[in-house]
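What follows is a single structure, written as structure tokens, with notes after it.
Bear in mind these aren't lab numbers, they're just calculated from the coordinates by the rules spelled out. None of the values given here were measured: they were computed from a predicted structure. Counting neighbours? That spans all protein chains shown, and the Cβs are built from the backbone with ideal geometry, glycine included.
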Ligand SMILES: [Zn+2]
């Protein structure tokens, strides 16, 4: 039985800086394989304080969509924790090249020795982590290299529409997802913003028609709009189950299969 657990649901700088919602990452277990997506600030703490506590030394891989702080602050400590507190060499890191190279890499060089392997996301790459197959989807998101993910496993297909500026090709890239997770920072659309707004997320959900859509990574305008009420309205309007994630929400595979 698989699940996706939202340790944190904060997006946008203000919500993260004030910790109005937790900025911890998303813990995923599929076909017995455990993965961690985007370990933002507070991820290790939230994982250990979870009930039941989540154990980083059982992770097979850490997936980093991009290097912005709200996604990557805890990546170094989690690499060490995945390697049993640095006592062994284990686990994989899948990340964009600019998180590891160039002027401002966020993954410290000394923790890289704890990893079994590092793989860089490609424009349209495929990656295997145990029984889980991951495809990278290149997003436009400011100046940093950013990827969304298509995750196939015995528990079906899950799409993680991470931070992205909306582009018309985006909905088609997530076709076939039974569970679709979308980072929806803003409630209203405005031009030249590097994040999805709610109307754009709706466009993606309508085209993909997943069994379940989960909205997360909220900025202030979404929080003021009461995301759970917005999600309930969308469920009604679209005839597709839409849920707004709260910190600690666990979605079981049975809910999207
Ligand atoms: Zn970002």
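Observations on the model:
- Coarse-grained scattering of segment 194-257 at q = 0.17, 0.22 Å⁻¹, given as base-10 log I(q)/I(0) from a Debye sum over alpha-carbon atoms: -0.58, -0.98
- Segment 3-255: relative contact order as a whole-number percent, Cα under 8 Å and 6+ apart: 18
- Gyration tensor (alpha-carbon) shape descriptor, segment 138-257, a/c threshold 1.5: oblate
- Here the contact order of segment 11-138, divided by its residue count and restricted to Cα pairs under 8 Å and six or more residues apart, works out to 20 percent.
- Gaussian network model of the chain, springs between alpha carbon atoms under 10 Å - residue of 11, 32, 102 with greatest fluctuation: 102
- Residues in segment 118-137 that a label on residue 88 would reach, taking backbone N under 17 Å of a point 7 Å out along Cα→Cβ: 130
- One equal scatterer on each Cα of segment 174-218, no solvent, Debye formula: the resulting log10 I(q)/I(0) at q = 0.23, 0.25, 0.30 Å⁻¹ is -0.75, -0.85, -1.08.
- Antiparallel DSSP beta bridges within the chain, as percent of all bridges there, nearest 5: 50
- Taking the C-alpha atoms only, the angle from helix 198-208 to the longest principal axis of the chain is near 80 degrees.
- Label separation (residue 50 vs residue 167): 3.2 nm, computed from points 7 Å beyond Cα along the C-beta direction.
- Equivalent ellipsoid, the chain (semi-axes from 5 times Cα gyration tensor eigenvalues, Å): 27, 19, 18
- All C-alpha pair distances within segment 1-113, sorted into 5 Å bins from zero, spread as 2, 13, 23, 25, 20, 12, 4, 1, 0 percent across the bins.
- Centroid-to-centroid separation of segment 155-230 and segment 1-49 [C-alpha atoms, Å]: 17
- Cα long-axis angle, helix 227-238 against the chain (0 to 90 degrees, to the nearest 10): 60
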